[in-house]
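Down below is the structure, laid out as structure tokens.
The values are calculated or read from the model by the stated rules, or taken from the named source; none is laboratory data. Everything numeric in this text was worked out from a predicted model, so none of it was measured. Here the Cβ is made from the backbone with ideal geometry for all residues, glycine too, and neighbour counts use every protein chain on show. Side chains are part of the model used for accessible areas, which takes the heavy atoms of the whole protein and leaves out ligands, DNA and RNA. Shrake-Rupley method; radii C 1.70, N 1.55, O 1.52, S 1.80 Å.
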Amino acid sequence: MAIPDSHDKIIWLHQQAPGKPALGQPCNGCGTCCATEPCPMAIVFLWQRRGRCRALEWDEAVSLYRCGMLRRPEYYVRTLPHFFRHIMRRLVKRWIAADTACDTPDEENNA
Ligand code: SF4
Ligand code: SF4
């Protein structure tokens, strides 16, 4: 499914992905934010400044997008020491405010 954002940029989302909720509503894993641009964490750890975040993962089992940096940070940051993985997940969860409200402006949802 291709969705133009407010700047006429096309982002690709799985056709089973849920529609983006309104700003402030609970995050439903629609993937719109991370398919549009990388978050600060992706910029720092993945050295990705624009475009779809390469850590955005489609979870077939639940038909939602998930943050790969949260699920398996060691896959994306190969140099991550084993002892640091658990700490990294906790930090990531906090940085991206996982399981909280959608903070992506509604104009990025034209579905
Ligand atoms: S923060 Fe919003 S746009 Fe991003 S995945 Fe959650 S619901 Fe979708
Ligand atoms: S690192 Fe995770 S939260 Fe950040 S843009 Fe990538 S998939 Fe989204």
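Assorted remarks:
- Neighbour cut-off at most 12 other Cβ (10 Å), DSSP loop, trypsin sites (Lys or Arg not before Pro), the range 43-72: ARG49, ARG50
- Amide H contacts of ALA101 (H built 1.01 Å from N, under 5 Å, at least 5 apart or other chain): CYS27
- For HIS14, the accessible surface of its heavy atoms amounts to roughly 60 Å² (probe 1.4 Å, protein chains only, rounded to the nearest 10).
- Taking all protein chains as shown and a probe of 1.4 angstrom, CYS30 keeps an accessible surface of around 10 Å².
- Sites listed here are GluC sites (Glu not before Pro) in the range 48-83 whose DSSP assignment is loop and whose Cβ has at most 11 other Cβ atoms within 10 Å: GLU60.
- Sites matching chymotrypsin sites (Phe, Trp or Tyr not before Pro) across the range 9-111 that sit in DSSP coil, with at most 13 neighbouring C-beta atoms within 10 Å: TRP47
- Relative to the longest principal axis of the Cα atoms of the chain, helix 85-95 runs at roughly 30 degrees.
- When ASP99, ASP59, ASP106 are compared by accessible area of protein heavy atoms, the largest-first order is ASP99, ASP106, ASP59, using a 1.4 Å probe.
- VAL77, VAL92, VAL44, ranked by accessible area, largest first (probe 1.4 Å): VAL44, VAL77, VAL92
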